[in-house]
């Protein structure tokens, strides 16, 4: 019984692979994209909505703006978006 079920599953997989190889490339890609598409079987929010929320994006944007503001207030040697630090204004040896 178990051997027959295992053989039938193997045959089914081989037939499906043969059909997939016989299809044109665009149909193969469409079928593979359909198979990769997530299926939401649960009623609750999934991982995608949990980690891609508007609040998290807003918090990340605010954190980035705070980091930029901190970097700009550390020194006053900015020329547009170019930083001129003190270590670059060393005297050169005369040639």
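For residue 75, the conditions (1) modelled with pLDDT of 70 or more; (2) outside any helix (DSSP H, G or I) all hold with the exception of (1).
Go through the residues of region 14-22 one by one and say whether even a single one is surrounded by 10 or more Cβ atoms within 10 Å (Cβ to Cβ) and either modelled with pLDDT under 90 or not in a helix (DSSP H, G or I) (or both). Scanning region 14-22 turns up no residue that is surrounded by 10 or more Cβ atoms within 10 Å (Cβ to Cβ) and either modelled with pLDDT under 90 or not in a helix (DSSP H, G or I) (or both). Set side by side, the residues 57, 70, 92 differ, and just one is assigned to a helix (DSSP H, G or I), loosely packed, with under 10 Cβ neighbours inside 10 Å and modelled with pLDDT of 65 or more, which is 70.
The values are calculated or read from the model by the stated rules, or taken from the named source; none is laboratory data. Since the model is a prediction, treat every value here as computed from it, not as a measurement. Every residue, glycine among them, receives a Cβ derived from its backbone with ideal geometry; neighbour counts consider all protein chains shown.
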